[in-house]
Every structure is written in C-alpha cells, then in structure tokens.
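*Asks:* Structure in structure tokens, see below.
The values are calculated or read from the model by the stated rules, or taken from the named source; none is laboratory data. Note that the structure is a prediction, hence the values are computed from the model and not measured. Counting neighbours? That spans all protein chains shown, and the Cβs are built from the backbone with ideal geometry, glycine included. For accessibility, only protein heavy atoms count, side chains too; no ligands or nucleic acids. Shrake-Rupley method; radii C 1.70, N 1.55, O 1.52, S 1.80 Å.
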Amino acid sequence: MRTTLLAAALLTVPVVTACTSNATTEDAGSADAARDLTVNSSDDACEVSGGEAPAGTLSFDVTNTGSQVTEFYLLAEDGLRIVGEVENIGPDVNRKLTVNAPAGEYFTACKPGMVGEGLRSGFTVTESDEAPELTASDQELVDEALTNYAGYVKDQTAQLLAKTQEFVELYKAGDSDDEARALYPDARTHWERTETVAESFGDLDPQMDLREADLEPGQEWTGWHRIEKDLWPAEAQKYRALTPEERAFFADDLLANTEELNSRVQDLEYTIDDIANGSRGLLEEVAVGKVTGEEEFWSHTDLWDFQANVDGARVAFDGVKPIVEQNDPDLADTLTQRFDELQVLLDAQRDGDGFVLYTDLSQDEIKAFSDSVNALSEPLSMLTAAVVA
Amino acid sequence: MTPRVSRRGLLGGGLAAAGVAGAFTVGRLTDEAAAQEALDRSYAFRGAHQAGILTPVQDRLHFAAFDVTTAERDELVSLLQDWTAAAERMTAGGSAGEIGPVEGNPVLPPDDTGEAIGLPASGLTITFGFGPGLFTDDDGNDRFGLADRRPEALRRLPHFPADQLVPERSFGDLCIQACADDPQVAVHAIRNLARIAFGRAAVRWSQLGFGRTSSTSTTQATPRNLFGFKDGTANLKAEEDGAADEHVWVSAEDDPRADWLAGGSYLVSRRMNMTIEVWDRQPLVDQERFIGRTKGEGAPLTGTDELDEPDFEAVTGTSPTMAVDAHVRVVHPDFHDGARMLRRGYNFVDGTDALGGLDAGLFFIAYVRDPRTHFIPIQNAMATSDALMEYLKVTGSALFAVPAGIAEGEYVGQALFA
C-alpha cells in the first residue's frame, strides 16, 4: 500500500483582524487567487494554469478531460518524493488537491491510466510573507520536534542498513539460513518504524517491500518479501528454491536499495504535519496489513512489524505531543492512554526477544488487536489538525 | 465559502423539481409525491417509548451488536450521551456529527461520513438495547456497578434444539437497531454510531435486512418471508388497544430491581438460516401444510381469508385439518397462555455459502414484555415440534433489554445509571 508522507494539509491562515484596511484584504485576496490553480488532465497532456505560486496553502483544482482514470501529484524537487496527491479521478470528474507548500522547486504530474512516470512539468513556489506562520513559542516546539524526528529517521535507517548488510551476507552464504531467518524480523523492524518515510520514495518502496500479491503482471519481484518466501518456502505451492546466483542477485539488490534509501534520508526535511500524518499513516499500515496477517505471508512475523509501526507512530506522536498538549490537552491524554492500551496487548504476545507468530494468535486475540487499533486510530486522525491549529 | 449541504434542504429542491417535471403527468406526480412523502417521513427520537418498536415497520434494517471495550462507567455513559445526540440528529434527517460531512476543517476527518448527503430522513428509527454482558461478565463480575440492577429475565437465552450458534453472530453488550425506508440511511446510521464508539465499544456483529417480514400496523399489508409465505398476519399491531401494554412494554411492577426498565421491552434477535434450495423442492401442498396457511392468500388451512382465525379443532377425514406440527398451530397464543410477540424481523441474503447455496433466511426480531413467558416457551415448542425446523438453522441469537424512551435533556438508558 502506498501512503503519502506529505499528505495534503491545510494550515489555518491567521485571520486578518477587523482593523486592517480594504487594501490589505484585497492583497490577501489576490495572493489567495495566485494559490488557486486549475489542472486539465487529458489523455496526453497535463495543463496547469500556472507555473508558480507564492508559498502557502496551494489548491489544484483537477479536472479529468481524458478517457482514462487519472492521478495528480505535486512532487518534491527530486521528482520522487510525493508532496501531495489525488488519486482515482475518473473521466469528467473534478477533484481538488490542497497542500501546504514552502518555497522551492517542485514537479506537477498527471498520470492518465495511473501508470508510468506521468506527464510532468516544473513548478516553482516562491517566497511569501503571507505564508502561514506559527507563533514564536509554538515555533520553538515545532523546531525541536522536526529536529528530533529527522534524527530518528536517520538513526533507524542507519540501523536498517547495518542489519541488512549482515542479513544479506547470511542469506548469500547458503549455510546460515537459520541465522538469516532469525535476523529477518529484527532487521525489518527498522524499516517498519519509518515505513511512511520509506514509502514516500515511490521508486524504492516497491523494489524493497512489495508483497507477491501486489505484483502487476510482468513486474519483477524483488526485495524483502522475495527473500522471505525463499527462506520460508514450506507453505508455497510447487516452490523452486533460488539458486546461489539468484540469491546473490536479490540480496545485492536489496542492499543497494537500502544504501540508496540511507543516503536519501540524510537531507530529508520534514514539516510538522508530515510527522503527525506519518503517525496516523503507520497505524493505517497496522490496520490494513499487520492486524490481518498479510504483510509477512510466509514467515508470519507480522507482530514484529506491528510493534515497529506502533513504535514509529508513538515516536512521531511523542515528538509533537508538547504542541498537542497546548492546543488540545484532552486529545493528548486520550492518545497517550490508547497507545498504552495497545502496548499492553502487544506485550502479552512477547516471546523471548520477539513475538509469537501471527498464526499462533486466536481469533479473539486478533479481534482485540483490531478493536484496540481502531480505538487509537480514530483520535489519531485528529492529530494533524491539533498540531497545525 | 462552502455552502452548507443540508440533507433536508436538498430534499426540498428535489420536491420542487419533481413538481415541475410531473406537471403534465398528474397520475405519476401523485405516485412520486407519495413515495417522496414516505421518504421524507421522520419519527421523533424522544418519547414515552423508544421509536422503532411500535413504529410502522420500515423496509430496511441494519442491526448491530457491540462489545463494550472500556472498563470505565463514565466512558460508557459518555458513549450513550454521544449516541443519543447523534441518533437524534440523524433521525431528524441531519448529520451524525455537529458539523457535517463537508462543512468542517479540511485537515480533520469529517464528523459525518457523507453517504447520506441529499437523502431525507427516510423514516429512520434508531433503537438501543442493553445485553446481559453489560451487567456482569462471563465470570459474574460486576462490570460497571450495574449488577444489582440487571433484570431477572435478562440472561443469555438457553440453548434450543437446532441452534447452531456462531459466537461471532451472537450475543453482545449493547445493540442498535436502525430501520429506514432507504438502506443507505440505515447503514449510514450504524456506520457513524460504530465510529463514535471506537475505544468505548466495538462492533461484535451486524446484520442487514430487507423486505420487512412483519407489519406492526393495520395500515400495512402483510409482507412475505423467503419461504414465499405471508409472515406476521397475526402480529401484534399498534392499533390494538391495550395489547402493547399487555405483551410488549415492561411494567414498573414486573421486576422490582429493574424498575428502570419500566416502559421498555425485551428484544430477541435470532438469525434463522433457511435451507432455501431444499425448501424450494417441496410440493406446494407440503409447504402449505408445514406453515398451516395457503401460499397465495395466506388464509389458515381451515379458512378462506388471510384474517380468518385458524380453527385448530377442524378435522379433514380422520386428521386435523391444521397438522399438529403446522407452524401456525405450534406458535399460536392459544397454546401459550395467550402470549403474543411484537415481531419486527427482516429477510436477509448475505450472498452465498461455499457450496453456492444462498446464505439467507429470516433475521427474526421480537419485542416482548418478558422473554420467559413470551419467547422461550414458544421457541422451545417450535424447536421440538414445528415442521418448519427441518428447513431452519439458527446461527445467531441475542437478548437485549430495551429501555424506555427519553425526555428532553436525557440520554438513552439514563434511568439505568440514575
């Protein structure tokens, strides 16, 4: 599943008070108009009404005039990281992307048929005095949260890289599969903790974390789950074990992608709503893939991933908690309590350094996990609004 | 500025448009207007009794049972307060939350899920009930300080012959019956109430129903169940003087420790799967003998008109005209001390089973004053001697106490927590 790290976010623009002149209001109005863009997505063109806009809350009013279902993206300067997107726009359908964009270079992209690189154009967001700003004291809290979160992501990715190096050596050796199996869920923990960041790199994620069930016809299957199936072939039908050469290919490919991921996160910058949306996104990962036992189809080590997603969500929440406590103390309390309650359920399934297998859970235990994830996710869906309020 | 989308406002526009379009076809206009009027109908949420019991049965059902997941009494009360506010808004044709599906802050998920935008109230009623598990857990522990207020009759129903209960389709601490003349409106109600409950209560099971299988008003024609027979001909009707007081509403004297239930009722739900394909191969004469009524008119086999009283003494040749195992005879009040139920069930088809057979039947709902006199004996008689049991398999079962209606400023079930 693809989750957008930088989901569309709308910051509340401070209301200009009644004592301001008409001229100011008009200026604000024209700046607002400059942030309202239209997009005409046809089968072979992607016409954006302008090539630049002042920093702030941008809106792209996308109309699909083509015959295929289309998507619209605002991509970061690297052309990979998704800043905002609207998906599944049917023919003759109109949808709006609202996104908070700081000054910088971007790409707009329409994707008729929802395949390929899309029809791209450069897009510039210019510096603006009217860009939404937080108050000074809030800003200090925000800066701290941003610094901490960036550090967390870099640290987790560094650990992922180190353990992936160790893992691929064991796997390639051919006589150390037990050790490789033991390390697999442990190494993946570092991936799952920052999964929404990794997933924001639309090229790396499918190469590293695609499940067999998600493959498109003709698509090559690489990454963690390809190796997972080779290490846990017991439940596979008519499975042919990979040759040493094939093992080396998939192992080296995974390592190379992990190195690339590690280099990309070094300079990654975040906004406060990225962190809040990331927390929510990690719980969504739990709800759609881990609670159902779909993620680790062959190894059944889903609870490691579950815990890691919750870890990452908790870290992100804790990072912004001082801001939430100012803006909505009840929400901060509820979230703290619900994280604790979910952790109690996870702790009950610990076994040694890890967890029991998903297949060892009873239906009642799975239902209890699901109820607890819902109980946490519902208030967590309010988090972004509480940090940008 | 976003114009506020009002479910009722849009309805008004729709009516005006229908009027113009139908100006040249007077007959059709009348039909359309009548259909529109039915959908525009709304029932007051507050009153002496909860709506959705004596209310003329709507066409569609979404019923949900919940497990309470919080251990805090305050949280349980706050859930009932939140449910009351949302239910009152939705039954009036409004949104689940205070703000609405598209009117709020765009960085927040909307407080209404939106699928009822533009739909009128559609006769929606939302009826709440309390299961035995709300009072004591399986180990007998008092969960919320309510154990000494549990009605004597509110306990898990006994096992009946032919019960093949699926736990995931049975029981529950709380229930909500949402009935409406538009299925989307009923589903919208349950979906939003379930969402409000996350963290305090979780859906245990839910059931969709269509084609009401009984009428609760003499103004309604008798509908048919999936056996193809009229069902509920002899059902208790709202217009019968005193019948509801005698058979449906709990009286303050019925149970001294549960005086909070006065003006309320008990709700029995039973998911009765029909072995449809086998039933369909039965000769018409056998089908009619099993039921005790004709399939076309719905008359008892001893009469000619649907509303004729059955004559259980009548004999054809040497055998009773109404077979001893005919459904009408087995469950008739004459053989159960006059006990009657207010039935409010629905047909259901949940697709097909693994063998391609319809997963279908009757989602039986009955409101009774006391299940010990008005349901359990009758269900036992049916399970042991009713010819229909050959074609029925009960896969879900639950019993709830349904508190009385509420006055302005109260929340549903408030008397229990007083």
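*Asks:* For B:L108, all conditions in the list (1) out of contact with any helix residue (DSSP H, G or I) (no Cβ under 6 Å at 6 or more places or on another chain); (2) within 14 Å of another protein chain (Cβ to nearest Cβ) hold save one; what is the number of the exception?
*Replies:* Of everything listed in (1) out of contact with any helix residue (DSSP H, G or I) (no Cβ under 6 Å at 6 or more places or on another chain); (2) within 14 Å of another protein chain (Cβ to nearest Cβ), B:L108 misses just condition (1).
*Asks:* Another one. With the requirement that a residue be hydrophobic (A, V, I, L, M, F, W, C) and either in contact (Cβ under 8 Å) with a residue 60 or more places away in the chain or within 14 Å of another protein chain (Cβ to nearest Cβ) (or both), what does segment A:309-332 give you? Quick ask: steps written out before the conclusion?
*Replies:* So in segment A:309-332, the residues hydrophobic (A, V, I, L, M, F, W, C) come out as A:310, A:313, A:315-317, A:320, A:323-324, A:331-332.
A:A313, A:V315, A:A316, A:F317, A:V320, A:I323, A:V324, A:L331, listed by residue number.
*Asks:* If you don't mind, another one. Hey, could you check segment B:137-168 for residues that are closer than 27 Å to B:E253 by Cβ and outside any loop (DSSP other than H, G, I, E, B) and say which is least open to solvent (accessible area, probe 1.4 Å)?
*Replies:* By that ranking, first place goes to B:A147.
*Asks:* Another question, if that's okay. Where residues in segment B:294-325 are of a type in the set (A, V, I, L, M, F, W, C) and open to solvent by 80 Å² or more (accessible area, probe 1.4 Å), which of them is nearest to the chain's Cα centre (by Cα)? Before you say what the answer is, go through the steps one by one.
*Replies:* Of segment B:294-325, the ones of a type in the set (A, V, I, L, M, F, W, C) are B:299, B:301, B:307, B:312, B:314-315, B:322-324.
Right, trim to open to solvent by 80 Å² or more (accessible area, probe 1.4 Å) and you get B:307, B:315, B:324.
Working: B:L307: 24, B:V315: 37, B:V324: 30 Å.
By that ranking, first place goes to B:L307.
*Asks:* Within segment A:343-361, track down each residue that is farther than 13 Å from A:F306 by Cα and open to solvent by less than 30 Å² (accessible area, probe 1.4 Å).
*Replies:* Listed by number, the list holds a single entry, A:L361.
*Asks:* Okay, next question. So, A:D364, is that one within 12 Å of another protein chain (Cβ to nearest Cβ), out of contact with any helix residue (DSSP H, G or I) (no Cβ under 6 Å at 6 or more places or on another chain), buried (at least 18 other Cβ atoms within 10 Å of the Cβ) and within 23 Å of B:A201 (Cα to Cα) or not? Full working, then the answer.
*Replies:* On the way: within 12 Å of another protein chain (Cβ to nearest Cβ): yes; out of contact with any helix residue (DSSP H, G or I) (no Cβ under 6 Å at 6 or more places or on another chain): yes; buried (at least 18 other Cβ atoms within 10 Å of the Cβ): no; within 23 Å of B:A201 (Cα to Cα): yes.
Considered against the rule, which asks whether it is within 12 Å of another protein chain (Cβ to nearest Cβ), out of contact with any helix residue (DSSP H, G or I) (no Cβ under 6 Å at 6 or more places or on another chain), buried (at least 18 other Cβ atoms within 10 Å of the Cβ) and within 23 Å of B:A201 (Cα to Cα), A:D364 comes out as no.
*Asks:* Still on this structure, I have one more. What are the residues in segment B:92-105 that are of a type in the set (S, T, N, Q) and within 14 Å of chain A (Cβ to nearest Cβ), if any?
*Replies:* Of segment B:92-105, the ones of a type in the set (S, T, N, Q) are B:95, B:105.
Correct list: B:N105 only.
*Asks:* Counting only residues that are acidic (D, E) and more than 12 Å from the chain's Cα centre (by Cα), which one in segment A:173-200 is farthest from A:F355 (Cα to Cα)?
*Replies:* First pass over segment A:173-200, keeping only residues acidic (D, E): A:175, A:177-179, A:186, A:192, A:195, A:199.
Still in the running and more than 12 Å from the chain's Cα centre (by Cα): A:175, A:177-179, A:186.
On the way: A:D175: 25, A:D177: 19, A:D178: 17, A:E179: 17, A:D186: 11 Å.
Among those residues, the one meeting the criterion is A:D175.
*Asks:* Give segment A:120-176 a look and list any residue that's among the acidic types (D, E) and either within 30 Å of A:A53 (Cβ to Cβ) or at pLDDT 90 or above (or both), or say none. Please lay out each step first, then the result.
*Replies:* Of segment A:120-176, the ones among the acidic types (D, E) are A:127, A:129-130, A:133, A:138, A:140, A:143-144, A:155, A:166, A:169, A:175.
The answer is A:E127, A:D129, A:E130, A:E133, A:D138, A:E140, A:D143, A:E144, A:E166, A:E169, A:D175.
*Asks:* Among the residues of segment B:112-129, write down those that are buried (at least 24 other Cβ atoms within 10 Å of the Cβ) and of a type in the set (S, T, Y).
*Replies:* Those that are buried (at least 24 other Cβ atoms within 10 Å of the Cβ) and of a type in the set (S, T, Y): B:S122, B:T125, B:T127.
*Asks:* If only one of B:I126, B:I176 is under 19 Å from B:L39 (Cβ atoms), in contact (Cβ under 8 Å) with a residue 24 or more places away in the chain, β-branched (V, I, T) and more than 14 Å from chain A (Cβ to nearest Cβ), which one is it? Steps first, answer last, please.
*Replies:* Values: B:I176 fails: under 19 Å from B:L39 (Cβ atoms).
Step by step, each of B:I126, B:I176 is checked, and only B:I126 is under 19 Å from B:L39 (Cβ atoms), in contact (Cβ under 8 Å) with a residue 24 or more places away in the chain, β-branched (V, I, T) and more than 14 Å from chain A (Cβ to nearest Cβ).
*Asks:* For the condition among the small types (G, A, S) and either free of Cβ contacts under 8 Å to residues at least 40 places away in the same chain or under 19 Å from B:A197 (Cα atoms) (or both), what is the one hit in B:G118, B:G133, B:G93?
*Replies:* Values: B:G118 fails: either free of Cβ contacts under 8 Å to residues at least 40 places away in the same chain or under 19 Å from B:A197 (Cα atoms) (or both); B:G93 fails: either free of Cβ contacts under 8 Å to residues at least 40 places away in the same chain or under 19 Å from B:A197 (Cα atoms) (or both).
Every option except B:G133 fails the conditions.
*Asks:* Identify the single condition in (1) under 27 Å from B:L79 (Cα atoms); (2) modelled with pLDDT of 95 or more that B:L362 does not satisfy, given that it satisfies every other one.
*Replies:* Going through (1) under 27 Å from B:L79 (Cα atoms); (2) modelled with pLDDT of 95 or more one by one, B:L362 breaks only (1).
*Asks:* Between residues in segment A:341-357 that are farther than 16 Å from A:H300 by Cβ and residues that are assigned to a loop (DSSP other than H, G, I, E, B) and open to solvent by 20 Å² or more (accessible area, probe 1.4 Å), which pairs lie under 6 Å by C-beta distance while being six or more apart or on different chains?
*Replies:* none
*Asks:* State whether one or more residues within segment A:133-152 are assigned by TED's automatic domain parsing to the domain that holds A:V286 and under 22 Å from A:A256 (Cβ atoms).
*Replies:* No - not one qualifying residue is present in segment A:133-152.
*Asks:* May I ask you to verify whether B:G209 is open to solvent by less than 20 Å² (accessible area, probe 1.4 Å), touching a residue at least 24 places away in the same chain (Cβ under 8 Å) and within 14 Å of another protein chain (Cβ to nearest Cβ)?
*Replies:* no
For every residue, the table says whether it meets (1) open to solvent by 60 Å² or more (accessible area, probe 1.4 Å); (2) part of a strand (DSSP E or B); (3) within 14 Å of chain B (Cβ to nearest Cβ); (4) modelled with pLDDT of 75 or more.
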position	(1), (2), (3), (4)
A:S59	no, yes, yes, yes
A:T63	no, yes, no, yes
A:Q68	yes, no, no, yes
A:F72	no, yes, no, yes
A:D78	yes, no, no, no
A:P91	no, no, no, yes
A:R95	yes, yes, yes, yes
A:E105	yes, yes, no, yes
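*Asks:* Looking at this structure, is B:F66 within 14 Å of chain A (Cβ to nearest Cβ) and either modelled with pLDDT of 95 or more or more than 25 Å from the chain's Cα centre (by Cα) (or both)? Even if it seems obvious, please write down each step before you answer.
*Replies:* Details: within 14 Å of chain A (Cβ to nearest Cβ): yes; either modelled with pLDDT of 95 or more or more than 25 Å from the chain's Cα centre (by Cα) (or both): yes.
Here the answer is yes, as B:F66 does meet what is asked.
*Asks:* Every residue in segment A:269-308 that is outside any helix (DSSP H, G or I), touching a residue at least 12 places away in the same chain (Cβ under 8 Å) and over 15 Å from the mean Cα position of the chain (by Cα), please. Can you show your working first?
*Replies:* Quick first cut of segment A:269-308, residues outside any helix (DSSP H, G or I) only: A:269-271, A:291-301.
Restricting the remaining residues to those that are touching a residue at least 12 places away in the same chain (Cβ under 8 Å) gives A:269-271, A:291, A:293-301.
Those that are outside any helix (DSSP H, G or I), touching a residue at least 12 places away in the same chain (Cβ under 8 Å) and over 15 Å from the mean Cα position of the chain (by Cα): A:V291, A:G293, A:E294, A:E295, A:E296, A:F297, A:W298, A:S299, A:H300, A:T301.
*Asks:* Every residue in segment B:86-106 that is open to solvent by 40 Å² or more (accessible area, probe 1.4 Å) and under 24 Å from the mean Cα position of the chain (by Cα), please. Lay out the reasoning, then the answer.
*Replies:* Within segment B:86-106, the first condition is being open to solvent by 40 Å² or more (accessible area, probe 1.4 Å), and the residues that meet it are B:88-89, B:92, B:98-99, B:102-103, B:105-106.
Passing the criteria: B:E88, B:R89, B:A92.
*Asks:* Could I ask something else about it? Checking the structure you have, find out if any residue of segment A:333-342 is more than 10 Å from chain B (Cβ to nearest Cβ), within 23 Å of B:D111 (Cβ to Cβ) and open to solvent by 20 Å² or more (accessible area, probe 1.4 Å).
*Replies:* yes
*Asks:* Further, regarding this structure: Report the residue count in segment A:262-284 for those that are touching a helix residue (DSSP H, G or I) at 6+ places or on another chain (Cβ under 6 Å), under 16 Å from A:D205 (Cα atoms) and open to solvent by 10 Å² or more (accessible area, probe 1.4 Å). Talk me through it step by step, then tell me what you get.
*Replies:* We begin by selecting, within segment A:262-284, every residue touching a helix residue (DSSP H, G or I) at 6+ places or on another chain (Cβ under 6 Å); these are A:262, A:265, A:270, A:272-273, A:275-283.
Subsequent filtering for residues that are under 16 Å from A:D205 (Cα atoms) retains A:262, A:265, A:278, A:281-282.
Right, trim to open to solvent by 10 Å² or more (accessible area, probe 1.4 Å) and you get A:262.
Total satisfying the criteria: 1.
*Asks:* Starting from residues that are within 17 Å of the chain's Cα centre (by Cα) and surrounded by 24 or more Cβ atoms within 10 Å (Cβ to Cβ), keep the ones in segment B:179-203 and report whichever is nearest to the other protein chains (Cβ to nearest Cβ).
*Replies:* Per the criteria, the residue is B:L193.
*Asks:* In addition: Examine segment A:367-382 for a residue that is away from chain B (no Cβ under 13 Å), touching a helix residue (DSSP H, G or I) at 6+ places or on another chain (Cβ under 9 Å), part of a helix (DSSP H, G or I) and without any contact (Cβ under 8 Å) to a residue 60 or more places away in the chain, and state whether such a residue exists.
*Replies:* Applying the first criterion (away from chain B (no Cβ under 13 Å)) to segment A:367-382 yields none.
For segment A:367-382, residues away from chain B (no Cβ under 13 Å), touching a helix residue (DSSP H, G or I) at 6+ places or on another chain (Cβ under 9 Å), part of a helix (DSSP H, G or I) and without any contact (Cβ under 8 Å) to a residue 60 or more places away in the chain: absent.
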